[in-house]
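A short worksheet on the structure shown next.
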Amino acid sequence: MDRKLDELLFALMQNMTIAVSGERLAEELGVSHSTIVRWVDKLRDAGAEIRGELFTGYRLLRLPDVLLPQLIRPRLHTRELGKTIFHFFSVDSTNAFASRLWTHGRKVPHGSVIIAETQTAGRGRLGRSWHSEPETGLYFSLVLRPKVPPQYAPLFTLGAAVALHHAIERETGLDVDIKWPNDLLVLGKKVCGILAEMQAEFDRVNSLIIGIGVNVNHSSLPAELSDRAISLRMASGKVQSRIECLVAFLEEFETLLSQFEHGGPEAIIDPWSRYSSFASGRRLQVNDGFRMIEGVTRGLNLSGAIRIETSNGVIEEVYSGDVVAWN
Ligand code: BTN
């Protein structure tokens, strides 16, 4: 259904200065005229301003900022990432959709991307929700099928953070910090979060779902988030292109993944440590789900766990958790 809406919107975009008849659209898309009428209403719900003219047909007056696969593909210069794209105007959660594909035996290719304009049940880490305002943020999941044992999985999340760091700096000119384990901060506030979920067997990863939410063009954020979150637009004072951010990320991540394949974990650990102010010498308190660990960061180990030196000189290696305090 959403693929058909994409096609209709794209057809209207190609003819933005003129009105296109409902019959012609119906013929081009291989559906009935009454279906076109229904779909036009759905596109209006998704933010498109479409005028229906009695004798001439439909004219697109305002193009919503929509991440149409038809607009992404020509801009994307990758070999694998983003070659298959699922685009939704609205979905519960792109991560949930990706795992449903897996559960229903639909093995999508490595590098498939699921994008939503908005999510009705966007998921954050540790059971939190993710604010998914339409037309403003980037909400997508990348499905990877790396041929590695499960203990390497955290490296892919750290790698995604590095690629996002590079993509956002490149696109916006902002200074981006990586907060362990994988939040991206601008001006000390969160602009992006990553939720990685894995389907694995004892000795191999079947599929890794890397869900990414970026606050791109929000002009404000809900009161409960505004003291710790910010958008790229709020930080830079400029509207940013969601498509260019997405494309830049996929290109950066593909390069990094190939460096990892050839060079091993250091290809991810090194840039992560270079671009994260949390990597070394940072005093923090982490809740790893079982206990509170307090100490000073001493870099990452080769599986991507952060090494924390506690007050009695012991080094704890922590794979994931919630940083509850830092300075
Ligand atoms: C975090 O808590 O920091 C992680 C947030 C991850 C949000 C993204 S939005 C796209 C994808 N689908 C989801 O339901 N969650 C992730």
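Picking from N95, N217, N15, which is most flexible by a Gaussian network model of the chain using Cα springs under 10 Å? Result: N15 has the largest fluctuation of those listed.
Centre-to-centre, using Cα atoms only, the range 215-241 and the range 159-185 are separated by 15 Å. Take the alpha carbon gyration tensor of the range 1-145, find the square roots of its eigenvalues, order them as a ≥ b ≥ c, and report rounded if a/c is under 1.5; if not, report prolate when a/b exceeds b/c, else oblate. It is prolate, given that a/c is not under 1.5 and a/b is the larger ratio. Going by a ≥ b ≥ c, the root eigenvalues of the Cα gyration tensor, does the range 193-301 fall in the rounded group (a/c under 1.5), the prolate group (a/b larger than b/c) or the oblate group? It comes out oblate by the Cα gyration axes. In a reduced charge model with +1 at each Lys and Arg Cβ and -1 at each Asp and Glu Cβ, the range 47-148 shows a dipole moment near 620 debye about its Cα centre.
Toward the positive end of the charge dipole of the range 105-166, with +1 on the Cβ of Lys and Arg and -1 on the Cβ of Asp and Glu, the farthest Cα among V148, S129, A116 is that of V148. Axis angle, to the nearest 10 degrees, between helix 266-275 and the longest C-alpha principal axis of the chain: 90 degrees.
Label zone of R128 (point 7 Å out along Cα→Cβ, amide N under 16 Å): in the range 296-327 this covers 320-326. Computed with the Debye formula from one identical point scatterer per Cα of the chain, without solvent, the log10 of I(q)/I(0) at q = 0.14 Å⁻¹ comes to -1.10. Once all protein chains are placed together, E201 keeps about 90 Å² accessible to a 1.4 angstrom probe.
Highest-first packing order for the peptide set 276-288, 186-198 is 186-198, 276-288, based on the mean count of other beta carbon atoms within 10 Å.
Taking amide H as placed 1.01 Å from N in the peptide plane, G111 has its amide H under 5 Å from the amide H of V143, L144, R145, each at least 5 places away in sequence or on another chain. Taking amide H atoms as placed 1.01 Å from N in the peptide plane, the amide H of F278 lies under 5 Å from those of I178, W180, each 5 or more residues away in sequence or on another chain. Maximal additional length on extending the E27-R3 stretch stands at 7.0 nm, based on 0.36 nm per residue less the C-alpha distance. For the pair S280 and S236, a Förster radius of 22 Å applied to the C-beta separation gives a FRET efficiency near 0.20, rounded to the nearest 0.05.
Phi-derived couplings, Karplus 6.51 cos²θ - 1.76 cosθ + 1.60 at θ = phi - 60°, listed residue by residue for the range 317-326: 10, 10, 8, 7, x, 10, 7, 8, 8, 7 Hz, with x used for Gly and Pro.
Helical content alone sets the calculated 222 nm signal of the chain at -10000 deg cm²/dmol, taking -39,500 (n - 2.57) per DSSP H segment of four or more residues and averaging over every residue. Largest GNM mean-square fluctuation among L174, L81, L185, using the chain with Cα springs under 10 Å: L174.
Compute the helix-to-body angle for 33-45: its Cα long axis versus the longest principal axis of the chain, expressed 0 to 90° and rounded to tens. Between helix and principal axis, roughly 40 degrees. Expressed per residue, the C-alpha convex hull volume of the range 242-327 stands at 117 Å³.
Rounded to the nearest 20 debye, the dipole magnitude of the chain is 180 debye, with +1 charges on Lys and Arg beta carbons, -1 on Asp and Glu beta carbons, and the Cα centre as origin. Is the shape of the range 1-48 best called rounded, prolate or oblate, per the rule: a/c under 1.5 gives rounded, else a/b larger than b/c gives prolate, else oblate, with a ≥ b ≥ c the square roots of the Cα gyration tensor eigenvalues? Cα axes put the range 1-48 in the rounded bin. For the chain, set up a Gaussian network in which alpha carbons nearer than 10 Å are linked by springs, and say which option among G211, G52, G289 fluctuates the most. Fluctuation is largest for G289. Highest mean packing comes first when the peptides 137-150, 28-41 are listed by Cβ atoms within 10 Å, giving 137-150, 28-41. Working from Cα pairs under 8 Å separated by at least six residues, relative contact order for the range 1-127 is 22 percent.
Solvent-accessible surface of the range 181-254, averaged per residue with a 1.4 angstrom probe and all protein chains in place: 39 square angstrom. For the range 94-101, putting each phi into the Karplus relation 6.51 cos²θ - 1.76 cosθ + 1.60 with θ = phi - 60° gives couplings of 5, 5, 5, 4, 4, 6, 5, 4 Hz, in residue order, rounded to whole numbers and with x for Gly and Pro.
The values are calculated or read from the model by the stated rules, or taken from the named source; none is laboratory data. A quick note: this is a predicted structure, and the numbers were derived from the prediction, not measured. Note: ideal-geometry Cβ built from the backbone for every residue, glycine included; neighbour counts use all protein chains shown. Surface accessibility is based on the protein's heavy atoms, side chains included, excluding ligands, DNA and RNA. Shrake-Rupley method; radii C 1.70, N 1.55, O 1.52, S 1.80 Å.
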